[in-house]
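Visitor: Sending over a structure as structure tokens; questions will come in a sec.
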Amino acid sequence: MFTTITNFVAEWEKEAELTVQVLNGLTDESLQRRIDADRRTLGALAWHLVTSIDFMTSLGLDFEGVDEGAKAPESAGGIAEAYRHISRALLEAVKTQWTDDNLLETRALAREEWRNGDLLRFSLIHQAHHRGQMTVLMRQAGLRPPEIYGPTYETWVEKGKTPLD
Ligand code: NI
């Protein structure tokens, strides 16, 4: 859980940059890629990273979110731009509307008590979870995922090292 706004902002900025790198690695054609007929497409997962941030407005933060049901842009660039926009709006709202004390406020959600600082942490982990799914679909679409928390297969090869199995 986050106990200071400063820590959250620093971590969100770092993680959002990783998300932008993943989104920038998508092509328009790759948005249709899915692992199975009844599973979400790469484009739907990318758009979910944009729309899920709207949840934060239910915590009392005032910023312009994107509705869960809103139609996704048709281009990968459009989704990346929407993400950059909402990520900045969320950060601005947290920095200007909350103090560290707000992070300790609790609310009931799905029959559990959550502190706002827990929900901010959850939101970051949720984003990382979907980013992981997206990098698998990127591979299937023949795209090169960016380095996220470590080198990719290609990075190893380019460094003249043997990639791990
Ligand atoms: Ni989700």
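Each reported figure results from applying straightforward, stated rules to the coordinates on display, with no laboratory input. The structure displayed is predicted, hence computed values, not measured ones. A quick note on method: Cβ atoms are made from the backbone with ideal geometry, for glycine too, and the neighbour counts reach across all protein chains shown.
Visitor: Only helical DSSP H runs with n ≥ 4 go in: add -39500 (n - 2.57) per run for the chain, normalise by residue count and round the 222 nm mean residue ellipticity to 500 deg cm²/dmol. Please list the in-between numbers first.
Guide: Details: 5 runs with 83 residues, N = 165.
Only helices count here, giving -17000 deg cm²/dmol.
Visitor: Mind listing the phi-derived Karplus ³J(HN,Hα) values for segment 123-131, rounded to whole Hz, using 6.51, -1.76 and 1.60 with θ = phi - 60°, and x for any glycine or proline?
Guide: So the Karplus estimates, Gly and Pro as x, are 4, 5, 6, 4, 5, 5, 4, 6, 4 Hz.
Visitor: So how far apart, in nm, are the two label points at residue 148 and residue 101 if each is 7 Å from Cα heading toward Cβ?
Guide: Computed distance between label sites residue 148 and residue 101 equals 3.8 nm.
Visitor: Still on this structure: With θ set to phi - 60°, apply the Karplus curve 6.51 cos²θ - 1.76 cosθ + 1.60 along segment 75-80 and write out the HN-Hα couplings as whole Hz, x wherever there is a Gly or Pro.
Guide: Running phi through 6.51 cos²θ - 1.76 cosθ + 1.60 with θ = phi - 60° gives 10, 4, x, x, 5, 4 Hz.
Visitor: Under 1.5 on a/c is rounded, so check that first for segment 1-102, then, if it is not, pick prolate when a/b is larger than b/c and oblate when it is not; a ≥ b ≥ c are the square roots of the alpha carbon gyration tensor eigenvalues. Write down the numbers at each step before the final one.
Guide: Values: a/c = 2.34, a/b = 1.96, b/c = 1.20.
Prolate is the answer for segment 1-102, as a/c is 1.5 or above and a/b outweighs b/c.
Visitor: Under 18 Å between alpha carbons, and skipping anything fewer than 8 positions from residue 159 in its own chain: which aspartates and glutamates qualify?
Guide: Cross-link targets: 147.
Visitor: So between residue 85 and residue 14, what do we pick up on full extension, going 0.36 nm a residue minus the alpha carbon distance? Intermediate results must be reported in sequence, preceding the final value.
Guide: Details: separation 71, 0.36 × 71 = 25.56 nm, distance 1.54 nm.
Between residue 85 and residue 14, full extension yields an extra 24.0 nm.
Visitor: For the ranges 86-93, 72-79, what's the packing order if you count other beta-carbon atoms within 10 Å of each residue, average per peptide, and put the highest first?
Guide: On the way: 86-93: 18.1, 72-79: 16.2.
Ranked from most to least packed, the peptides come out as 86-93, 72-79.
Visitor: With r as the distance between the Cβ atoms of residue 7 and residue 44 and R0 = 41 Å, compute the FRET efficiency 1/(1 + (r/R0)^6) and round to 0.05. All intermediate terms of the calculation are to be shown ahead of the outcome.
Guide: On the way: r = 31 Å, r/R0 = 0.76.
FRET efficiency, residue 44 to residue 7: 0.85.
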